[in-house]
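Structure, as C-alpha cells:
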Amino acid sequence: MVLRCGSPLYCCPPKARGTTTLYNADIRTSSRSKTPWDLLKDSELDPLQKYLKLKYHEHFDQRHVRLSETDEAEFLNRIPVTCCHRCGSINFTHYGSVWWLNRYYCNNCHRTFVITTGTMFANHKLSIEEWIEYCLSIFGYGFATLTSKTNKNSVTTSRYWLVKIFELLHDYQDDIVLNGTVYIAETFYKKRRPDVQSRTDGKFYRGLSKNLECIFTAVDVHGDACALVNGIGKPSQERCWSTLGRHIGPGSHLIHDKERSHKILVKKLKLSEEVYDSQEIRALPDEDDPLQPINDVHNSIHKFLDSHSGFDRAYLQDYLNLFAFIDNGHKDPLECVYELINMGLTHPMNLPYREVFKPKHQY
C-alpha cells in the first residue's frame, strides 16, 4: 500500500530545486515545420515536391493547433484560483483577461498573474493538448528523439518537456511507504560507455564494480514499487538503510534473498522475513519463483531505461521517478496524463528554457 500526503494546491511562491542543466545549447535543433523546398517558389517545384510540401505543412498544422483555435482558455478559466501564483497571498482580485485567460491582480505583491503563471505551462507557446500525445508516448517507453519526430516538435522541445516532468516528479517517491508483504532486492545498470572505468591493464572491471549503478527496489503485494539509486557497486547495510528504511512500514513481512545489507531493515523495523537463496531458485519457472514480483519490477525498469539509452546517468534517479509514476497503481496511460497535467497546473515551478539549455561555457 502506498501512503502519500495530499498533493498541495498552488499555495506558495514557485521554487525550483536548483539548476537542472540536462542539455546544452550545442544540441539545439531547428523546427520540424520546415521542408527542403520552403525557400523556393512554387514555379520552381515539380508536382511531387509541391504536393509533399503542402501535405507536410497540413499535417504539421493539425498537430500544432494555435492557442486561439483551441478551447484551452475555456478549460483553464474553469480551474479555481486560490492564491497568487507569485507570492502565495490570498488577497487578489480579477483583473480582466489576457490571451483569452482570466487575469488576476495581487494586492500583496502588486503583480498580475494567470492560472499558468509559475507552473510548467507558464509562457507556453504550444497548446496543452499537445502534452497529451507527448505524455502518452513517454509513458509508452518512447524516447525523446522518437517522440519529437512523431509529434513534429524539435528535439530540444521534447527534451525541455522531459526536464519539466523530471522537475515535477522530483519528490514523487519521497512519501511512498510499502506495507504488508514487501519484496526487496537490488538491480544494477551499466554506466554509459564514455564513463566506464578501466583497470591499469586496459581491461574493464567485472562483477559488481564501480561501473554499475546500484538501484534499490521494493514492491508490495499491491504492485506499488519504489526504485532508488544509491551509489555504485555492491550495497552496504548503511546504504540500504538510508535508501529503503523510510519506504517500508514497520512490522511488514519482508521477502528477500540472502543479501547481507538487508539485515539492518529487519532489525530496525522489526520485520518478519522470508529469505531465499537466489542461486538455488534461479532455475525455477516464474510461477514458482518466490521472488518473481521483484524480478518483474527489475525487468520493467531495464526495459524502461533501455528505451532511453544513452541518457546521462547523473539523471538516473529522475528516470526512475518517472518509471515509478507510470508503473505504480497500474494506471491507464490516460490516467497518468490526467495526474501529470493536474500536478503541472497546481505545483509551483520555475524552470526557464534558457536555464535548461545553458551553453557549455556557463557551467
task: Going by C-beta contacts inside 10 Å, put V182, V221, V98, V229 in order with the fewest on the left.
output: V98, V221, V229, V182
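I'd like the FRET efficiency for L136 and K234, computed as 1/(1 + (r/R0)^6) with the beta carbon distance as r and R0 of 25 Å, rounded to 0.05.
Details: r = 38 Å, r/R0 = 1.54.
So the FRET efficiency works out to roughly 0.05.
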message: Need the full-extension length gain, L39 to N342, defined as separation in residues times 0.36 nm minus the C-alpha distance. One decimal, nm.
response: 104.9 nm
query: Just the Cα atoms of the stretch 243-320, one point each, no solvent: what log10 I(q)/I(0) does Debye give at q = 0.15, 0.16, 0.21, 0.26 Å⁻¹?
result: -0.72, -0.80, -1.05, -1.14
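Quick one: putting +1 on the C-beta of Lys and Arg, -1 on the C-beta of Asp and Glu, what dipole do you get for the stretch 257-353 around its Cα centre, in Debye to the nearest 20?
Values: 10 positive and 18 negative charges, 132 e Å.
Its charge dipole is roughly 640 debye.
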- prompt: Could you give the nm distance between label points at K303 and W99, where each point is 7 Å from its Cα heading toward the beta carbon?
  reply: 3.9 nm
Cα Rg, Dmax (largest Cα-Cα span) when computed across the stretch 233-363, Å: 19.2, 56
- prompt: In straight Cα distance, which lysines are under 18 Å from K203, not counting same-chain residues fewer than 8 positions off?
  reply: K190, K191
- prompt: Which percent of Cα-Cα pairs in the stretch 160-268 sits in each 5 Å bin, short to long?
  reply: 2, 11, 19, 19, 16, 13, 10, 6, 2, 1
message: If R₀ is 30 angstrom, what is the calculated FRET efficiency for the pair R354 and C109, using the beta carbon separation as r and rounding to 0.05?
response: 0.80
query: Translational D (Stokes-Einstein, µm²/s) of the stretch 276-345 at 37 °C and 0.692 mPa s when Rh comes from the Kirkwood sum over C-alpha pairs?
result: 228 µm²/s
- request: For H330 and K268, compute 0.36 nm times the residue count separating them, minus their Cα-Cα distance, and round to one decimal in nm.
  value: 19.3 nm
task: Using Cα centres only, tell me the gap between the stretch 90-119 and the stretch 138-157 in whole Å.
output: 33 Å
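The numbers here are math on the coordinates, done by the rules we state, and not lab data. Only a predicted model underlies this, so the values are computations on that prediction, with no experimental measurement involved. Reconstructed Cβ throughout: ideal geometry from the backbone, glycine too, with neighbour counts over all protein chains shown.
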